Every structure is written in C-alpha cells, then in structure tokens.
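Data block below; observations after.
The values are calculated or read from the model by the stated rules, or taken from the named source; none is laboratory data. In this text the structure is predicted, and so the values were computed from the model without any measurement. Here the Cβ positions follow ideal geometry from the backbone for every residue, glycine too, while neighbour counts run over all protein chains shown. For the accessible areas, the whole protein counts, side chains as well, though only heavy atoms, and no ligand, DNA or RNA atoms are used. Shrake-Rupley method; radii C 1.70, N 1.55, O 1.52, S 1.80 Å.
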Amino acid sequence: PTRVEALARLGAGGHLLQVLDPAEEVLPYAGRLRFQGLEGEGEVETGRAEDLRGGYQERLAARRDGLAELARAWGWSFATHRTDRPAAPCLLALAQAVGGELP
C-alpha cells in the first residue's frame, strides 16, 4: 500500500501538494543534456532534449492526475505549486485544507 493509503487506513486525513520548478513543467531545454539525480539515482544523457518534451509532459500530467486521484480516493485534497510563484497563498490554502490554524 502507498503511504497515503496506510495513513488513511489509520484514520488520518491529509493534503497532497506537488511542488514543481517551472523547468520541470515545461522542460525548456534543447540539445544534448545530462540529468543528474540528487539522491544517488545516477545520471541520464539525452541526445535532443526537445524530442523528449511531449512525452515528458504527458507523463508529468499523468503523475499529477494519479496523485489527485489517490488523494480523492482517500478523501484527501490535492494541489500543485510552482516555485516561481509566492509560497504564501499556497501555504494559506494548505493550512485551510487541513484545518490548521495560522499563528
């Protein structure tokens, strides 16, 4: 089971928040690229990054849809946030979604 499922089965409510850098959403690169993992995943080199864009964006949209469906299935809420936008509105919405009080 997923962590969400395990927590939900224990009666926990929650909110999933997907945080993305704009470059993660758009994949604005062209030409040969080397992607390096930050957690020991290794690296991947591409021939033409622009050739990957369509499939990458489809997979990213599928991931977003899957997270939203997972949250919905367990009665949780879901939102996305881009790092080029102010965090305050997102954090306020997150606090409201989980019923927290702001200091």
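A few comments on the model shown:
- Overall, segment 27-103 carries a charge dipole of about 200 debye about its Cα centre when +1 sits on the Cβ of Lys and Arg and -1 on the Cβ of Asp and Glu, all other atoms neutral.
- Cβ-derived FRET efficiency at R0 35 Å, Glu69 paired with Leu91, nearest 0.05: 0.90
- Amide hydrogen neighbours beyond the local backbone of Gly14, cut-off 5 Å, H modeled: Ser77
- Cα long-axis angle, helix 49-73 against the chain (0 to 90 degrees, to the nearest 10): 10 degrees
- Here is the result for segment 1-96: no chymotrypsin sites (Phe, Trp or Tyr not before Pro) lie in DSSP coil with at most 14 other C-beta atoms within 10 angstrom of their C-beta.
- Among Leu20, Leu33, Leu67: highest mean-square fluctuation, GNM of the chain, C-alpha pairs under 10 Å: Leu33
- Nearest-ten-degree value, helix 87-97 long axis tilted from longest Cα axis of the chain: 40 degrees
- GluC sites (Glu not before Pro) lying in DSSP loop within segment 36-97, provided at most 10 other Cβ fall within 10 Å: Glu39, Glu41
- The chain: relative contact order in percent, alpha carbon pairs under 8 Å with at least 6 residues between: 37 percent
- Within segment 3-99, percent of DSSP bridges classed antiparallel, to nearest 5: 40 percent
- Solvent-accessible surface of the chain, averaged per residue with a 1.4 angstrom probe and all protein chains in place: 73 square angstrom.
- Point-to-point label distance, Ala30-Val98, nm (Cα→Cβ direction, 7 Å offset): 4.2 nm
- Rolling a 1.4 Å probe over the protein heavy atoms leaves Leu94 with an accessible area of roughly 50 Å².
- Apolar share of the accessible surface for the chain: 54 percent from carbon plus sulfur atoms, 1.4 Å probe.
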